[in-house]
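Novice: Take this structure, written in structure tokens, and hold onto it; I'll ask about it next.
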Amino acid sequence: MSRWTPTTYKTRNWSDYNLALKQRGSLAIWFDAEMAWDATPSGKRGRQQSYNDAAIQACL
């Protein structure tokens, strides 16, 4: 049984290709202005966290 080989394409019209990429859509991210970005003090020894866990998850 022969193996499947992936098809390769060569882009020849880069201006149309770039225009098509722009027209695919955009990704908009909205952040809640009321979200607390600063972490609350933990009361433990050592350096305190800079950002809230929810803020880190939103960025990931």
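Novice: Tell me the carbon and sulfur percent of the accessible area for the chain, rounded to whole percent, probe radius 1.4 Å.
Specialist: The nonpolar share, carbon plus sulfur, comes to 53 percent.
Novice: May I ask you to evaluate 6.51 cos²θ - 1.76 cosθ + 1.60, the Karplus curve with θ = phi - 60°, for each residue of the range 46-55 and list the ³J(HN,Hα) values in order in whole Hz, giving x for glycine and proline?
Specialist: Rounded to whole hertz, the list is x, 5, 6, 5, 7, 10, 5, 4, 5, 5.
Novice: Which residues' amide hydrogens lie under 5 Å from the amide hydrogen of TYR51, considering only partners 5 or more residues apart or on another chain, with H built in the peptide plane?
Specialist: Placed amide hydrogens put ALA39 under 5 Å from TYR51.
Novice: With the crude spin-label approximation of a point 7 Å out along Cα→Cβ, what separation in nm comes out for GLN49 versus GLU34?
Specialist: Computed distance between label sites GLN49 and GLU34 equals 2.1 nm.
Novice: Then there's this: Quick check on packing: order 45-55, 2-12, 16-26 by the mean number of other C-beta atoms within 10 Å, highest mean leading.
Specialist: Most protected by this proxy first, the peptides run 45-55, 16-26, 2-12.
Novice: Average the reciprocal distances over every distinct pair of alpha-carbons in the chain, invert the result, and give the Kirkwood radius in Å.
Specialist: 17.1 Å
The values are calculated or read from the model by the stated rules, or taken from the named source; none is laboratory data. None of the values given here were measured: they were computed from a predicted structure. Using ideal geometry, Cβ is built from the backbone for each residue, glycine included, and neighbour counts are taken over all protein chains shown. These accessible areas exclude ligands, DNA and RNA; they are computed on the full protein's heavy atoms, side chains included. Shrake-Rupley method; radii C 1.70, N 1.55, O 1.52, S 1.80 Å.
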